[in-house]
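Novice: Just dropping this structure here.
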Ligand SMILES: C[S@@+](CC[C@H](N)C(=O)[O-])C[C@H]1O[C@@H](n2cnc3c(N)ncnc32)[C@H](O)[C@@H]1O
């Protein structure tokens, strides 16, 4: 069997979350539209000389992308999906690492156990799609902040997007997306407030570029109706929700 055919066969045996470009136009068959998410998180295109920590890396799309963008050192961490009770394994990460001949380091560690003592400090910390999975989101942000020297990149589910005052919505049991690991979603004022309180001097919303249009009431209503068919939750529950990305600078 040829090299490429063998590669595709091995790749297809893995249950992928991320869609990772490998070589020769091959992309891992993940259920996540990772390239679109990359645009949304606005990962700096030039990471030369930077150290990068990926908290909740899963198959490692963003770690491998940081390597492509020239980062000097990258540490991919996860627990829930690598060997915990989560939705996957580390098979995808290991496979992509081998095929990409990657130098990305990896460490099996729960997000809440991350600290300067356990992992060191990094110029850039990626905290993507993790915040709403934590029972204590402020503690989770504190953990990420404690190991971040320059830039913290956060991508998360948001709620209460119609409120100006800081607020955070709790999802009891599996009431959001039928997933009991979804706990909390802040609004923009709460997110900015928490990050300022954790010592970040500047906090920018990098996605959506114009949130007042993207998350205007008519758009949220349409998205919420779509969510009814996707089983995301009731109209009342999802109508003020959306995904957003933030860059917080020291
Ligand atoms: C929605 S996925 C996001 C994956 C990737 N960061 C991305 O944005 O595409 C959530 C990730 O957070 C990880 N995760 C959830 N809870 C965690 C915890 N307590 N400690 C470490 N990782 C956790 C999961 O294993 C999974 O990799």
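Novice: Would you please give the FRET efficiency between residue 217 and residue 121, computed as 1/(1 + (r/R0)^6) with r the Cβ-Cβ distance and R0 = 35 Å, to the nearest 0.05?
Specialist: With a Förster radius of 35 Å, E is 0.25.
Novice: If a/c stays under 1.5 just call it rounded; otherwise compare a/b with b/c (prolate if a/b is bigger, oblate if not). Do that for the stretch 39-143, with a ≥ b ≥ c from the square roots of the Cα gyration tensor eigenvalues.
Specialist: It is oblate, given that a/c is not under 1.5 and a/b is not larger than b/c.
Novice: Restricting to Cα pairs below 8 Å that are 6+ residues apart, what does the relative contact order work out to for the chain? Please round to a whole percent.
Specialist: After rounding, I find 16 percent.
Novice: Once R0 is set to 51 Å, what does the formula 1/(1 + (r/R0)^6) return for the Cβ-Cβ distance between residue 45 and residue 236, expressed as a FRET efficiency to the nearest 0.05? The partial results should precede the final answer.
Specialist: Values: r = 40 Å, r/R0 = 0.79.
So the FRET efficiency works out to roughly 0.80.
Novice: Here's a follow-up. So between residue 189 and residue 146, what do we pick up on full extension, going 0.36 nm a residue minus the alpha carbon distance?
Specialist: Length gained, residue 189 through residue 146: 13.3 nm.
Novice: If you restrict to DSSP beta bridges whose two residues both lie in the stretch 11-117, what percentage is antiparallel, to the nearest 5?
Specialist: Taking every DSSP beta bridge within the stretch 11-117, about 20 percent pair in antiparallel fashion.
Novice: Be a star and scan the stretch 133-150 for residues whose amide nitrogen sits under 16 Å from the point 7 Å along the Cα-to-Cβ vector of residue 180.
Specialist: Residues 133-135 fall inside that zone.
Novice: Restricting to the chain, compute how many DSSP beta bridges are antiparallel as a %, nearest 5.
Specialist: 50
Novice: I want to verify a result. In a Gaussian network model of the chain, Cα cutoff 10 Å, which of these has the top mean-square fluctuation: 204, 45, 117?
Specialist: In the Gaussian network model the winner is 117.
Novice: Relative to the longest principal Cα axis of the chain, at what angle does helix 3-12 sit, 0 to 90 degrees, rounded to 10?
Specialist: Result, in degrees: 40.
Novice: Using only alpha carbon pairs under 8 Å that are at least six residues apart, calculate the relative contact order of the stretch 144-250 and give it in whole percent.
Specialist: 40
Novice: Just to confirm the number: angle between the C-alpha axis of helix 137-146 and the first principal axis of the chain, 0 to 90 degrees, nearest 10?
Specialist: Computed tilt is about 50 degrees.
Novice: Distance in nm between label sites at residue 226 and residue 209, each 7 Å beyond Cα in the beta-carbon direction?
Specialist: With each label point 7 Å from Cα toward Cβ, the separation is 1.9 nm.
Novice: Per DSSP helix of 4 or more residues, -39500 (n - 2.57); summed, then divided by the residues of the chain. What does that give at 222 nm, rounded to the nearest 500?
Specialist: Values: 10 runs with 81 residues, N = 250.
Counting only the DSSP helices, I get -8500 deg cm²/dmol.
Novice: Could I ask something else about it? How far is helix 217-230 tilted off the main Cα axis of the chain, in degrees rounded to 10, range 0 to 90?
Specialist: 60
Novice: Continuing with the same structure: With r as the distance between the Cβ atoms of residue 105 and residue 167 and R0 = 45 Å, compute the FRET efficiency 1/(1 + (r/R0)^6) and round to 0.05.
Specialist: Between residue 167 and residue 105 the formula returns 0.75.
Novice: Further question on the same structure: Within the stretch 53-81, which residues have the backbone N less than 20 Å from the label spot 7 Å out from residue 113 along Cα→beta-carbon, could you tell me?
Specialist: Inside the label zone: 53-60, 75-81.
Taken together, the values in this text are just the output of simple stated rules run on the coordinates, not laboratory data. Everything numeric in this text was worked out from a predicted model, so none of it was measured. Heads up, the Cβs are rebuilt from the backbone with ideal geometry, glycines too, and the neighbour counts pull from every protein chain shown.
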